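What follows is a short report on a single structure.
Each reported figure results from applying straightforward, stated rules to the coordinates on display, with no laboratory input. Small disclaimer: the values here were computed from a predicted structure and weren't measured. Because the Cβ atoms are built from the backbone with ideal geometry, glycine has one as well, and the counts that use them run over all protein chains shown.
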Amino acid sequence: MGEYRISEEAQKFLKDVCEAVGPPGFEDEVLRLFQAYGRRFADEVIRDNLGSLVFVKRGSRGKPRVLVAGHVDEVGFLVTSITKEGYITFTPLGGWFDQVLLAQRVVIRTRKGQVLGVITSKPPHLLTPEERQKVVTLDRMYVDVGATSEEEAKNLGIRIGDPIAPYSPFTISATGKTIMGKAFDDRLGAFVAIEALRYLRESGAEHPNTLYAAATVQEEVGLRGAQTVGWLVDHDVAIVTEVDIAGDVPGIDPRDAQAKLGKGPTIVTFDASMVPNQRLKEFAIEVAEEAKIPYQLSAIAKGGTDAGRLHLYKTGRPSIVIGVPTRHIHSHVSIVHFDDIANAVRLVAELVRRLDEERVTSFTGL
Ligand SMILES: [Zn+2]
């Protein structure tokens, strides 16, 4: 295969999808961007009734059916009420640590368009010594959209049930090698899936199977999209492309997160939702070594992935998670390394090239 590189167009696409608003259940804006970008490289685009979008590329043989899946929802919130003074209360969609929220900007998507707001915080002058020691909990927070009455907030189009997402521009860091932004978890994984398909298409590489590159929905509220996308694809084997928690951050114990930025994608040996098929895991390691792609092993004791559902499809399906090390996930600004993204695409493509029927059958023999 020729060299894979993240083209200028691909980088612009990644920026657009990461900046789009799309908490669980509200992914259409993101999915439309995926459809516009990915349909040219696919033989067919299919969709299930929960919303997940799948790009199909037929290889030299129809079977096995290889599913590569990344989720396109992001952790966000939902409007629960508007106060008389025009403040917005909200409930989380996905897991948040309350401490990262105060004074952060958010976008509320309304039927009239997007409304920018900020999560309110008390000035230090007014905090009692006890208050300074405490984490303010999310259920005591408000979004200020700059309105001075309930009516004014409602006139902006804001209603109970509207989705709220972090506001965080996609930015290349000063080193030029890393990116800062939101929603890398897991639009980056879905990006890796579609880029692996594009790479196979543009390099003309043969693959003895049918590839299904999926952008799944509603992962952050319990792997829901993965449950229905299995029934759409009827996969024989699954590769889930996800962000992995980078442990090269002060305060993180290496035993809790092993991956380091820039040292290659991770082959996830374990997560809270799946013990991967061991032969598929060993195969992924072999392929990485053979193709000279840097990789890291990781174990995620806390946290599940779409693979948690995909490996339990029907009578069980061999599944593995390939991760892109990411710092500060589930916050407004995460950081990832360009090389890790590119190497994840290469690793997934090299795996897909080698997954023929005999190989996939061998994963489940005794
Ligand atoms: Zn997540």
Once both labels are modelled 7 Å past Cα along the beta-carbon direction, what's the Glu3-Ile160 spacing in nm?
5.7 nm
Taking R0 as 22 Å and r as the Cβ-Cβ distance between Ile252 and Arg105, the FRET efficiency 1/(1 + (r/R0)^6), rounded to the nearest 0.05, comes to 0.25
Volume in Å³ per residue [convex hull over Cα atoms, computed for region 118-202]:
213 Å³
Note the angle between two axes, namely the Cα long axis of helix 28-38 and the longest principal axis of the Cα atoms of the chain, as a number of degrees from 0 to 90, rounded to the nearest 10.
30 degrees
Compute the angle between helix 224-233 and the longest alpha-carbon principal axis of the chain, please, reported from 0 to 90 degrees and rounded to the nearest 10.
30 degrees
Report the charge-dipole magnitude of region 76-166 in Debye, nearest 20, computed about the Cα centre from +1 at each Lys and Arg Cβ and -1 at each Asp and Glu Cβ.
240 debye
Once the principal axes of the Cα atoms of region 241-297 are found, what is the range along each, listed largest first in whole angstroms?
34, 27, 18
Extension gain Thr361-His328, at 0.36 nm per residue separation less the Cα-Cα distance, in nm?
8.0 nm
Which length gain, in nm to one decimal place, applies between Lys122 and Val275 when the Cα-Cα distance is subtracted from 0.36 nm times their residue separation?
50.6 nm
Nonlocal amide H pairs with Ser273, under 5 Å, H built at 1.01 Å:
Thr305
Extension gain, Glu152 back to Ala299 (0.36 nm per residue minus Cα-Cα distance, nm)
48.0 nm
Can you give the Rg/Rh ratio of the chain, where Rg is from the C-alpha atoms and Rh is the Kirkwood radius?
1.00
Can you compute log10 of I(q)/I(0) for region 76-166 with the Debye formula, treating each Cα as one identical point scatterer, at q = 0.18, 0.24 Å⁻¹?
-0.76, -1.21
If you average the sequence gap of Cα pairs under 8 Å that are 6 or more apart and divide by the length of the chain, what percent do you get for the contact order?
23 percent
Whole-angstrom gap from region 27-79 to region 107-123, using each part's C-alpha centre:
29 Å
Cα-Cα over 27 Å: which of Lys134/Lys302; Lys122/Lys182; Lys63/Lys314; Lys12/Lys122; Lys12/Lys154?
Lys12/Lys122; Lys12/Lys154
So for R0 = 56 Å, FRET eff. of Lys112-Glu286 from the Cβ-Cβ r, to 0.05, ends up at 0.55
Those trypsin sites (Lys or Arg not before Pro) in region 264-366 that DSSP places in a loop and that have at most 15 other beta carbons within 10 Å:
Lys292, Lys302, Lys314
Could you state the angle between the C-alpha long axis of helix 338-354 and the longest principal axis of the C-alpha atoms of the chain, as a value from 0 to 90 degrees rounded to the nearest 10?
40 degrees
